[in-house]
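Report on the structure given below.
The values are calculated or read from the model by the stated rules, or taken from the named source; none is laboratory data. Because the structure is predicted, anything quoted here is derived from the model rather than measured. Glycine gets a Cβ as well: all are built from the backbone with ideal geometry, and neighbour counts include every protein chain shown. Ligands, DNA and RNA are stripped out before the accessible areas are found, and what is left, the full protein with its side chains, is counted by its heavy atoms. Shrake-Rupley method; radii C 1.70, N 1.55, O 1.52, S 1.80 Å.
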Amino acid sequence: MKLLLFNIKELLQVRPESTKMLKGHQMKELPTIKNAWLLIEDGLICDFGSMDQLISAKVENTIDCFGKMVLPAWCDSHTHLVYAGNREQEFVDRINGLSYQEIANKGGGIVNSAKKLQETSEEELYQQSAKRLEEVMRLGTGAIEIKSGYGLTTEAEMRMLRVAKKLGENYPVTVKTTFLGAHAIPTEFKNDKDAYMDLICNEMLPKIASEGLADYVDIFCELGYFTVEDTDRLLSEANKYKLIPKIHVNQFNSIGGVAMGVQHNALSVDHLEVLTDDDITALKGSETMPVALPSCSYFLSIPYTPGRKLIDAGLPLALATDYNPGSTPSGNMNFVVSTACIKMKLTPEEAINAATINAAYAMGLSETHGSITKGKKANVILTKEIPSYGYLPYAFGSNNIDSVFINGKLVE
Ligand SMILES: N=CN[C@@H](CCC(=O)O)C(=O)O
Ligand SMILES: [Zn+2]
């Protein structure tokens, strides 16, 4: 089955196969072809070029893209999309003056979501999560990472991961799953965190690994949650099961989690709202992708990850939503890209690179996603008629997407 998109005003993020990630000044460039065509065959990018060299091929479907642009679908490398209910009341509590940490300290926060999830059946959890996934697909997300971490018991953590996996089977979007049992200390372990770490390492991890439910392992390395030593222990254990780390670090405090992540060859270190020069030094020369979550900063009114500083230090940067009920009840990558430009001072080229090619790297998909490259998945966004690609982050809050194709198929 062949689909030809022709008369494309500008085809963005055209890369050779070998581009794994972009660092520092490389992020300033966004290679494009003006007045282009793109041929999709059996769900993959088959070929592309400029209209003056359009090949003649027999195709079943064609779309005239006059005035419109085409770019790779977003890769969202950090979400908690599988959750139960919402935390609207905490939103109001914060408006009335309580901080995120104060809410957590009085039994709200992650343990509040865990209580709701434990009371929700697998089928109901699937239905709630599927609605969210359908929405983000229409917003241009073609690959998504989904974490557990609102179960906090062996059974409920496994339930979350089964739901995430089932979403990946039932929808065309590529889903990667991450085990985040070490997201918060459950109420019943309040005075014995080590016992909860034992449960994670001795029971949850082996069961989840043996059922192949997770691609990655995560931990919330933060004051009041899990220490650098806990992080070292969990990542060492996870390594026995070949689970690669992608960790939550430096959201509120820099306590050494970045260096620990790098020491364990983490694929990504995420959040980084509070970042020291030592953290930046630790990232240099590593293969670990720093991931910024600007919608979280927006929603919680906390500092933005110093993305400009990271890029200017020669490092790569990826962007993700952090979609979750507490700190970011939004999975809109378009808003993330805009906010990275507006608040973190990334250029449109840097932000688009961070949300496509570098984001694909941060979820282990750089060979198949994140760029217009022959043989990669035909996951693309067709924009509405826009004056330039910089208009996408500029016109924040507007929906400039005409249509989205995942595996070459139109998302309805
Ligand atoms: N910070 C840790 N975890 C989530 C938020 C969890 C929640 O508040 O439910 C995050 O990445 O922001
Ligand atoms: Zn998160």
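Each row is one residue, and each column tells you yes or no for (1) under 22 Å from the mean Cα position of the chain (by Cα); (2) part of a helix (DSSP H, G or I).
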residue	(1), (2)
ASP198	no, yes
GLU203	no, yes
PRO206	no, yes
LEU223	no, no
ASP232	no, yes
GLU237	no, yes
ILE247	yes, no
PHE252	yes, no
Can you name every residue in the stretch 34-83 that is in contact with a Phe, Trp or Tyr (Cβ under 7 Å, 6 or more places away or on another chain), over 15 Å from ILE406 (Cα atoms) and either away from ligand 2 (no atom under 16 Å from the Cβ) or open to solvent by 10 Å² or more (accessible area, probe 1.4 Å) (or both)? ALA36, TRP37, PHE48, GLY49, MET51, LEU54, THR62, ASP64, CYS65, MET69, TYR83
From the list LYS343, LYS374, pick out the single residue that is open to solvent by 40 Å² or more (accessible area, probe 1.4 Å) and within 16 Å of GLN13 (Cβ to Cβ). LYS374
Do we find that SER268 is within 15 Å of ligand 2 (Cβ to nearest atom), of a type in the set (Ser, Thr, Tyr), more than 25 Å from GLY97 (Cα to Cα) and under 18 Å from the mean Cα position of the chain (by Cα) in this structure? yes
Please specify each residue of the stretch 281-291 satisfying the condition of being away from ligand 2 (no atom under 12 Å from the Cβ) and open to solvent by less than 10 Å² (accessible area, probe 1.4 Å). LEU283, THR288, MET289, PRO290
Being within 22 Å of the chain's Cα centre (by Cα), more than 16 Å from ligand 1 (Cβ to nearest atom), in the same structural domain as PRO172 (by TED's automatic domain parsing) and under 25 Å from PRO172 (Cβ atoms) is the requirement here; does ARG138 meet it? yes
Does ALA214 qualify as being in a loop (DSSP other than H, G, I, E, B), touching a helix residue (DSSP H, G or I) at 6+ places or on another chain (Cβ under 7 Å), under 18 Å from ALA320 (Cβ atoms) and modelled with pLDDT of 95 or more? yes
Scanning for something in contact with a Cys (Cβ under 8 Å, 6 or more places away or on another chain) and at pLDDT 95 or above, does the stretch 53-71 turn up at least one residue? no
Any pair with Cβ under 8 angstrom, 6 or more apart, that starts in the stretch 120-131 at a residue that is of a type in the set (D, E, K, R) and ends at one that is surrounded by 13 or more Cβ atoms within 10 Å (Cβ to Cβ) and not in a helix (DSSP H, G or I): GLU124/ALA84
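Yes/no matrix, rows are residues, columns are (1) farther than 30 Å from LYS165 by Cα; (2) part of a strand (DSSP E or B); (3) over 30 Å from the mean Cα position of the chain (by Cα):
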residue: LEU30; (1), (2), (3): yes, no, no
residue: ILE33; (1), (2), (3): yes, yes, no
residue: ALA36; (1), (2), (3): yes, yes, no
residue: GLY49; (1), (2), (3): yes, yes, no
residue: VAL59; (1), (2), (3): yes, no, yes
residue: ASN86; (1), (2), (3): no, no, no
residue: GLN89; (1), (2), (3): no, no, no
residue: ASP93; (1), (2), (3): yes, no, no
From the options ILE219, ILE244, ILE255, residue that is touching a residue at least 12 places away in the same chain (Cβ under 8 Å), touching an Asp or Glu at 6+ places or on another chain (Cβ under 9 Å), within 23 Å of ILE144 (Cβ to Cβ) and within 15 Å of ligand 1 (Cβ to nearest atom): ILE219
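For the stretch 167-181, give me each residue that is surrounded by 16 or more Cβ atoms within 10 Å (Cβ to Cβ) and out of contact with any His (no Cβ under 9 Å at 6 or more places or on another chain).
LEU167, GLY168, TYR171, PRO172, VAL173, VAL175, LYS176, THR177, PHE179, GLY181
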Can you find a residue that is more than 27 Å from ARG159 (Cβ to Cβ) and more than 16 Å from ligand 2 (Cβ to nearest atom) anywhere in the stretch 204-222? no
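Please list, ordered by residue number, the helices (runs of 4 or more DSSP H) wholly in the stretch 261-316 having 2 or more residues that are touching a residue at least 40 places away in the same chain (Cβ under 8 Å) and away from ligand 1 (no atom under 13 Å from the Cβ). Show your work before the answer.
Numbers: elements: 277-283, 294-300, 307-312.
Output list reads 307-312.
Can you tell which of GLY326, GLY370, GLY375, GLY331 is more than 16 Å from ligand 1 (Cβ to nearest atom) and in contact with a Phe, Trp or Tyr (Cβ under 8 Å, 6 or more places away or on another chain)?
On the way: GLY326 fails: more than 16 Å from ligand 1 (Cβ to nearest atom); GLY375 fails: in contact with a Phe, Trp or Tyr (Cβ under 8 Å, 6 or more places away or on another chain); GLY331 fails: more than 16 Å from ligand 1 (Cβ to nearest atom).
The conditions single out GLY370.
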